[in-house]
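Student: One structure is given below, represented as structure tokens, and several questions about it will come after.
The values are calculated or read from the model by the stated rules, or taken from the named source; none is laboratory data. All figures in this text were calculated on a predicted structure; none of them were measured in a lab. Here Cβ is always computed from backbone atoms with ideal geometry, including for glycine, and neighbour counts include all displayed protein chains. Protein only, heavy atoms only, side chains kept; ligands, DNA and RNA dropped before computing areas. Shrake-Rupley method; radii C 1.70, N 1.55, O 1.52, S 1.80 Å.
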Amino acid sequence: MNAQTPAIPVAPPTASLTEAERTRILAKSALFAPPAQVDEHGRRELVGLSREELTQAVVEFGEKPFRAKQIWHWIYFQGARDFAQMSSIAKPMQAKLAERFTIGRPGVTTEQTSTDGTRKWLFQMRDKQQVETVYIPEEDRGAVCISTQVGCTLSCRFCHTGTQKLVRNLSAGEIIGQFMAARDSYGEWPTPQSETRMLSNIVVMGMGEPLYNYENIATALKIAMDNEGIALSRRRITLSTSGVVPMMDRAGAELGVNLAVSLHAVTDELRDEIVPLNRKYPIKELLAACHRYPGASNARRITFEYVMLDGINDSEAEARELVRLLHGLPAKVNLIPFNPWPGSPYATSKRAQIERFANILNDAGYSSPVRRPRGKDIMAACGQLKTESERAKKAAAAA
Ligand code: SAH
Ligand code: SF4
């Protein structure tokens, strides 16, 4: 646990969702911890340190705490990547800082731009592990879809990332670094003071299950929300989970960002099969956690993601059951036409069927937009992300 993260006592709602369960999840997550964040010269990475950690690093270095405030401004507001840019710090001090610290970004292995403007990066971390990040532009704004893990433990049947076993968690710096590198790519520094930004939203919907890497995503999102830096409002951040119920309470209490829940099925029987985490946290417990999620209101609804799989979960009876399940929740439903990937076992629902499904939800008062697939030509659409790390590792072992 990060020293600065206050432990919020959240009363266990049912006997099965105890604090012990959260402790178990965090302990498991630690087994996949990222390597120490230092560069090849032994310099400590500053990107990804919380404000408290940065202040501590600066004080241990022998400087006053106000230096940390200056450095924070340069890194997260100005987008500086070099101490030499920090004009409010005297040159000799800049040089001393540069001996001990570094301000990095994930390395760009490839950058592809789709015919529809969607941009995808393959980023490489210091230990050569790779993840994908996608920028999805809209007319006057845009969301950066960031990854939280290399691979995923959760083998959802329709998801390409789920076929790649979990290699490791990303560090807070590697997580926020994806957003910063995306802003580098569009030159969106310093942080715009107006409401309009090109890179205006973060969606935590890339590779991995964010709530299985809680400490690091929490630190990264707190950095994103800090008003003296990137300054994204929590309303512009959406975290998607496949339903790690015990951690949903904690994310709600500590981060308060928008919640998206990958539901995808209305019976435990089917959800057990396509989202295997359901065997641990079944639909009833998942929905109870949604009812408890703080700040959910008609103005800030919980998004339920529902991948449309032809003949599997897309009947009208299932749409009606979904309406019944969502009763009383401030909810909207995001219908995601299944995006195929090489070897995927499903087909996308027919257009007319998706419309019938959506109409039932809309008639019941649930806004149910059909998500337009973006960046399909560059395999950047939902659920298509997967990196070669596993294969690369195997090849290296065989060599
Ligand atoms: N692990 C988190 C966030 C990443 S997945 C989660 O599961 O919520 C982001 C969204 O894409 C999820 O709703 C996921 O279920 C969906 N998705 C996965 N594979 C997909 C595919 N092949 N086609 C469409 N959506 C998919
Ligand atoms: Fe992991 Fe989400 Fe893909 Fe499921 S849908 S395998 S939780 S990334």
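Student: Which is farthest toward the positive dipole end of the chain among I302, A260, V144, measuring Cα position about the Cα centre, with Cβ charges +1 (Lys, Arg) and -1 (Asp, Glu)?
Tutor: V144
Student: Along the charge dipole of the chain, Cβ charges K/R +1 and D/E -1, which of T241, H41, C290 sits furthest on the positive end?
Tutor: Toward the positive end, the furthest listed residue is H41.
Student: Once fully extended, how much extra length lies between E195 and L31, figured as 0.36 nm per residue of separation less the alpha-carbon to alpha-carbon distance? Working shown, then result.
Tutor: Details: separation 164, 0.36 × 164 = 59.04 nm, distance 4.04 nm.
Taking 0.36 nm per residue and subtracting the Cα distance, the gain is 55.0 nm.
Student: Let me know the charge dipole size of segment 62-193 about its Cα centre in debye, to the nearest 20, where only the beta-carbon of Lys, Arg (+1) and Asp, Glu (-1) is charged.
Tutor: On the way: 17 positive and 13 negative charges, 128 e Å.
Taking the Cα centre of segment 62-193 as origin, the dipole is about 620 debye.
Student: Which cross-chain or sequence-distant (5 or more) residues have an amide H under 5 Å from the amide H of V38, H modelled 1.01 Å from N in plane?
Tutor: E45
Student: Between segment 312-328 and segment 226-258, how many Å separate their Cα centres?
Tutor: One Cα centre to the other: 27 Å.
Student: Now, a different point. Quick one: putting +1 on the C-beta of Lys and Arg, -1 on the C-beta of Asp and Glu, what dipole do you get for segment 161-311 around its Cα centre, in Debye to the nearest 20? Mind dumping the intermediate values first?
Tutor: On the way: 16 positive and 17 negative charges, 52 e Å.
Dipole of segment 161-311, to the nearest 20 debye: 260 debye.
Student: Also: About the Cα centre of segment 304-374, how large is the charge dipole given +1 on each Lys and Arg Cβ and -1 on each Asp and Glu Cβ? Please answer in debye to the nearest 20.
Tutor: Values: 9 positive and 8 negative charges, 55 e Å.
Magnitude of the dipole: close to 260 debye.
Student: Also, quick follow-up: Within segment 38-196, what whole-number % of the accessible surface is contributed by carbon and sulfur, with the 1.4 Å probe and all protein chains included in the calculation?
Tutor: Values: 3480 of 6900 Å².
Carbon-and-sulfur percentage of accessible area, whole number: 50.
Student: Order the following by accessible area, largest value first: R67, R22. Probe radius 1.4 Å; ligands, DNA and RNA are ignored.
Tutor: Working: R67 35, R22 10 Å².
These residues rank, largest area first, as R67, R22.
Student: Need one number: nm distance between label points at S315 and R292, each 7 Å from Cα along Cα→Cβ, rounded to one decimal.
Tutor: In this crude spin-label approximation the distance works out to 3.3 nm.
Student: Quick check: at a probe of 1.4 Å, how many percent of the accessible area of segment 284-397 sits on carbon and sulfur atoms? Working shown, then result.
Tutor: Numbers: 2930 of 5450 Å².
The C+S portion of the solvent-accessible surface of segment 284-397 is 54 percent.
Student: Further question on the same structure: Given a 1.4 Å probe and heavy atoms of the protein chains only, how would you sort F77, F66, largest accessible area at the top? Each step should come with its number before you reach the end.
Tutor: On the way: F77 40, F66 105 Å².
In descending accessible area the options line up as F66, F77.
Student: Now for a separate question. Which order do you get for S87, S262 if you rank them by accessible area with a 1.4 Å probe, largest at the top? Numbers along the way, then the final one.
Tutor: Working: S87 95, S262 20 Å².
Ranked list, largest accessible area first: S87, S262.
Student: Oh, and also: How far apart, in nm, are the 7 Å Cα→Cβ label points at K69 and D39?
Tutor: 2.7
Student: Can you give me the accessible area per residue for the chain, using a 1.4 Å probe, in Å²? Spell out each step's value before the answer.
Tutor: Working: 17100 Å² over 399 residues.
Per residue, the chain has an accessible area of 43 Å².
Student: From the Cα trace of the chain, what convex hull volume per residue do you get, rounded to a whole Å³? The partial results should precede the final answer.
Tutor: Values: hull volume 58.8 nm³, N = 399.
Each residue corresponds to 147 Å³ of Cα convex hull volume.
Student: Tell me, what is the 1.4 Å probe accessible area of W121, in Å² to the nearest 10?
Tutor: 0
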